[in-house]
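Heads up: the structure comes next, in C-alpha cells.
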Amino acid sequence: MTTGKINVSVENIFPLIKKFLYSDHEIFLRELVSNATDATLKLKHLTNIGDAKVEYGNPVIEVKIDKENKKLHIIDQGLGMTAEEVEKYINQVAFSGAEEFLEKYKDSAKDSGIIGHFGLGFYSAFMVASKVEIITKSYKDEPAAHWTCDGSPEFTLEPHSKTERGTEIILHIADDSLEFLENFKISELLSKYNKFMPVPIKFGTRTETLPVPEGAAEDVKPETVEVDNIINNPNPAWTKQPSDLSDEDYKNFYREMYPMQFDEPLFNIHLNVDYPFNLTGILYFPKLGDNIQIQKDKIQLYQNQVFVTDNVEGIVPEFLMMLKGVVDSPDIPLNVSRSYLQADGNVKKISNYITKKVSDKLKSLFTENREDFEAKWNDIKIVLEYGMLSEPKFYEKAGAFTLYPTTDGKYFTLEELKEALQAAQTDKNGKLVVLYASNKEAQHSYIDIATEKGYQVLLLDSPIVSHLIQKLEADNENLTFARVDADHIDKLIQKEDTQISKLSDEQKETLKGIIENSVPKENYTVQLEAMDSTSAPFMITQPEFMRRMKEMSATGGGGMFGMGNFPDMFNLVVNTNSDLADTILNAESEDVKSGLIKQALDLAKLSQGLLKGEELTSFVKRGFETLK
Ligand code: ADP
Ligand code: MG
C-alpha cells in the first residue's frame, strides 16, 4: 500500500476560486471590508488589553474609486501586517489569520466581533481584479510592506514607504468587471452588505449646510462644508440591550431597515442569547391582514453585523418567514447547501429558540394587555395558525393565546370557548359543537338563524382554517366543528323537543317525489325535515365533511389529492311543516308545482350566494314580472 498527499497546485486553484468559490462576484467588497473591519477590531482589542501601545483613535474604513486608473481602494487604520505576516496570512491560501487570532486570544476576544474564519475571503478580490496590491504598515515598529500579485501564483513582496498604520488594498479592476468602478454600484453594495458594520465606512464626501449664525445680515448665504460620507450605522439596535431601547427606538430601527415600508410594525421580539449558540436580532410582526403576498422585505441574516443573505429558510421556522427584521449569528455555517444547513445541530437549535421566543412574547402580550392583543388578532392570526399547523413546539404553547373570535366580536381562547358552549351546544353524540362561519356576509342568513337561537358562532375566515379545525378535532375528542350552513341548525345541535311532522308518511313520499323531479339530481339531495313552521321552507346546506375536504385539498396538504375537482354537492332541506309544503302538495297542476319549487329553490340559492349569472338574471326578471 502506498499513502501520500494529493498535490493541489496553486496554479489550478486560482481559476477555481475565481469561478466557483462564490457564485456572486459582488461579495468581494463585503470580504475586503470585513477584513478591514477585523483589522480594526483586532487593534481595538489589543489596545484594550494593553498588548498594543498605540493610540486607537477614531478609525474609519475608506472605500475609494479611482475611475481613471481603473482602481478600487479599500483603506483601513487597523493593525496592519509586517512583511512576515503577509507571507503567512496572504501567501498561504486558506490560512485564516482571524481564526488564529481568536484561538490566541480565546478568552478575551470571544466578543470582539471578528468576522473572518475561512481564510479565503481575501482571494475573492481576484474575481473582479486582474491585479491586487497590498500596502500595509503594522502597528509594530517594523517597515511597511508592499505585496503585488496578478492572479498567477507569483507575487512580489518588497518594503514600502508608508508610515501611517493600517492597510490599503488596491484592486486593478479587470475589464469584465468595470461596473465596480461605478459610484452607484459600489454605493449599492455598501448599503446592501455593510449598512450595519461596526466600524464607520467612508465612501466619498457630501456637502453639509451649516446653520447661519444668529444675528447675521439678511444676505449672508449659509455656508457649506464637505464632510465624510459615512454609509453605515455602526451601532444598530439589535446589538444593544433590550433594556436600553424604547418602543420608539424599535420603530426607528424598523424604518431604518425598511424605509419603503409605511405601516408601523405591530410589535417586536428582541432575540438575545449567547449559549449554547450566539444569536442576536430583532423580529417584527408586520401588519399582514388577509393578504399574504410575496414579500420583498424579508428577514435578513447577518454575521457579526455583516449582511449575508435574506434567504433565511431553514434558520427561521417557516411560519415566521412573513415576519421582518434581523437575525445575527456567527454560528450559522455559510456556503453550505440548504440540506446540510437543516441537518446542522446549531441551526435546528436556533430555529427552536426563535419559535420559543416568539411564543413567549405572544403569551406575554396576551396576558399583559388582552384588549390590545385582541385588536391585533386579525393581523397576526395567519402566522399563528400556520405555526400551529407546521410547528409542533409552537402548537403546544399556542393554546394559551390563540383566539377564536365570534361573529359578534367576542374573543375566546379554546378553553373559554368550551366553557361557553357547555351543555348549550352539543350534537347527538354529546360532543360540543363549535359553529363557525367563514364569511359574515355570504353566510349571513345562517348566522342569523343560529344566533337567534342563542348559539355562539365563530368567525374563522383565514384560508387555512379547515386544516386547523381538522387538527383541533383530532386533539380535542369532545369537540366537533360545523360551519353554520353545514346542515339545518336543529340537526347540527340536537335539541330535546323534535318537531312532529304535519304531513303523513304518504304525503311526504309524494312531496319528495315532486321536488326531486324538479331539481337537478347531480347537485342536490332532497331531505325532508319537520321544523317549526316559521323556519325557511327551502334551505340549502353543504355537509361539513365534503366541503372541508375540498377546502383542504385546495389550500394544500390534507392528503386529499384531486378532491378539488369534485362537483359541489348540496342538500336541499325542505321544511315539511311550512305552508309552502302544503301549497306545493295541493297545487292544481304540475306546472304550478314545478313553478313554485323553482322559485323556492332560487330563493334558497340566493341566500347561500349560489344564484349567479343567467339564473340570477332570469330570477330578477321573474320578480319584476310579478310586480306588474
Ligand atoms: P479570514 O478573514 O477568514 O481570516 P481572509 O482570506 O479574508 O481570511 O484573510 C486572510 C488573513 O489576511 C486575515 O486573517 C488577516 O490576518 C490578513 N488580512 C487580510 N486583510 C487584512 C487587513 N486589511 N489588515 C490586516 N490583515 C489583513
Ligand atoms: Mg476575511
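For the chain, averaging the sequence separation of C-alpha pairs within contact (under 8 Å, six or more residues apart) and dividing by the residue count gives a relative contact order of 7 percent. Taking the C-alpha atoms only, the angle from helix 247-257 to the longest principal axis of the chain is near 70 degrees. Here's how it looks for TYR436: its modeled amide H is under 5 Å from those of LEU458, ALA482, ARG483, VAL484, which are all 5 or more places away or on a different chain. Shown here for the range 410-465: GluC sites (Glu not before Pro) in loop regions (DSSP other than H, G, I, E, B) with at most 14 other Cβ atoms within 10 Å, namely GLU441. Here the contact order of the range 2-205, divided by its residue count and restricted to Cα pairs under 8 Å and six or more residues apart, works out to 28 percent.
In this calculation the C-beta distance from LYS88 to LYS64 is compared with R0 = 35 Å, giving a FRET efficiency of 0.80. For the range 25-128, applying the loop criterion from DSSP together with a ceiling of 11 other beta carbons within 10 Å to the GluC sites (Glu not before Pro) yields GLU55, GLU68. Here ASN235 and LYS356 are evaluated by their C-beta separation; at R0 = 30 Å the FRET efficiency comes out at 0.65.
Remark: the range 281-288, residue by residue, has Karplus-estimated 3J(HN,Hα) of x, 9, 10, 10, 8, x, 6, 9 Hz, where x stands for each Gly or Pro and the curve is 6.51 cos²θ - 1.76 cosθ + 1.60 at θ = phi - 60°.
Given the rule -39500 (n - 2.57) for each run of at least 4 DSSP H residues, summed and divided by the residues of the chain, what is its mean residue ellipticity at 222 nm, to the nearest 500 deg cm²/dmol? Please report the intermediate quantities before stating the final value.
Details: 18 runs with 215 residues, N = 628.
Calculated from helices alone, the mean residue ellipticity at 222 nm is -10500 deg cm²/dmol.
Working from Cα positions, state the angle (0 to 90°, nearest 10) between the long axis of helix 370-390 and the longest principal axis of the chain. For 370-390 against the chain, the angle is about 80 degrees.
Calculated translational diffusion coefficient of the chain (4 °C, 1.567 mPa s; Stokes-Einstein with Kirkwood radius over alpha-carbon pairs) equals 42 µm²/s. For LYS512, the aspartates and glutamates whose Cα falls under 19 Å of its own Cα, not counting residues fewer than eight places away in the same chain, are ASP487, GLU522, GLU529, ASP532, ASP579, ASP582, GLU588, GLU590, ASP591, ASP602. The mean sequence distance of close C-alpha pairs (under 8 Å, at least 6 residues apart), as a share of the length of the range 237-382, puts its relative contact order at 22 percent. Look at where the Cα atoms of the range 141-168 and of the range 171-208 average out, and the two centres are 23 Å apart. Straight-line cross-link reach from LYS70 at under 26 Å between alpha-carbon atoms covers these lysines, not counting any fewer than eight positions away in the same chain: LYS18, LYS19, LYS131, LYS137, LYS162, LYS185, LYS192, LYS195, LYS202. Using a 7 Å offset from Cα along Cα-Cβ at LYS287, what residues in the range 394-413 end up with backbone N under 15 Å from the label point? Counting only backbone N, you get no residues.
Summing Cβ point charges (Lys, Arg +1; Asp, Glu -1) relative to the Cα centre of the chain gives a dipole of roughly 900 debye.
Rounded to 0.05, the FRET efficiency of the ALA474 and LYS251 pair, given R0 = 56 Å and the Cβ-Cβ distance, is 0.85.
Computed extension length for TYR56-LEU627: 196.2 nm, one decimal, from 0.36 nm per residue of separation with the Cα-Cα distance subtracted. Taking 0.36 nm per residue of separation and subtracting the Cα-Cα distance, full extension of the segment from ALA375 to ASP219 would add 50.6 nm. Using θ = phi - 60° and the Karplus curve 6.51 cos²θ - 1.76 cosθ + 1.60, what whole-Hz ³J(HN,Hα) does each residue of the range 227-232 get, with Gly and Pro shown as x? Working through the residues one at a time gives 10, 4, 8, 8, 8, 10 Hz. The GluC sites (Glu not before Pro) of the range 567-628 that DSSP puts in a loop, and whose beta carbon has at most 13 other beta carbons within 10 Å, are GLU588. Need the C-alpha centroid separation for the range 419-495 versus the range 218-273, integer Å. Using only Cα atoms to place each centre, the spacing works out to 48 Å. Relative to the longest principal axis of the Cα atoms of the chain, the long axis of helix 465-475 makes an angle of roughly 80 degrees.
Throughout, read-outs are computed from the coordinates displayed, never taken from laboratory work. As the structure is a computational prediction, the values presented were derived from the model and not from experiment. Glycine gets a Cβ as well: all are built from the backbone with ideal geometry, and neighbour counts include every protein chain shown.
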